[in-house]
Amino acid sequence: MDEEKKSEARGEGAERVGPYLLQEQVQQSGDSQEELYLATNETSGATALVRKHAS
């Protein structure tokens, strides 16, 4: 595995919201002021749906 893939696997360079590492954006319909992401808690490893305000 090359270094870039290793750092992605460890969450380095991944966007964080609190203790969560964002994995992928979830598609939504309509105009939303927020974005939804599948995320992983960096401590427990639990998967969550995280809401983030659109920038």
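The values are calculated or read from the model by the stated rules, or taken from the named source; none is laboratory data. Just so it is clear, the structure is predicted and the values come from calculations on it, not from any experiment. Neighbour counts run over all protein chains shown; Cβ positions are idealised from the backbone, glycine included. When the accessible area is computed, the model is the full protein with side chains, heavy atoms only, and any ligands, DNA or RNA have been set aside. Shrake-Rupley method; radii C 1.70, N 1.55, O 1.52, S 1.80 Å.
General remarks:
- Output for segment 43-55, where each listed residue is open to solvent by less than 100 Å² (accessible area, probe 1.4 Å) and touching a strand residue (DSSP E or B) at 6+ places or on another chain (Cβ under 9 Å): Ala46, Ala48, Val50, Lys52, Ala54
- Val26 being of a type in the set (A, V, I, L, M, F, W, C) and touching a Lys or Arg at 6+ places or on another chain (Cβ under 7 Å): no
- Whenever a residue of segment 23-37 is over 10 Å from Arg51 (Cβ atoms) and without any contact (Cβ under 8 Å) to a residue 60 or more places away in the chain, its partners that are open to solvent by less than 80 Å² (accessible area, probe 1.4 Å) and polar (S, T, N, Q), lying with C-beta atoms within less than 8 angstrom and at least six residues away or across chains, give the pairs Gln23/Thr40.
- Counted residues, segment 24-35 - those being assigned to a strand (DSSP E or B) and surrounded by fewer than 15 Cβ atoms within 10 Å (Cβ to Cβ): 4
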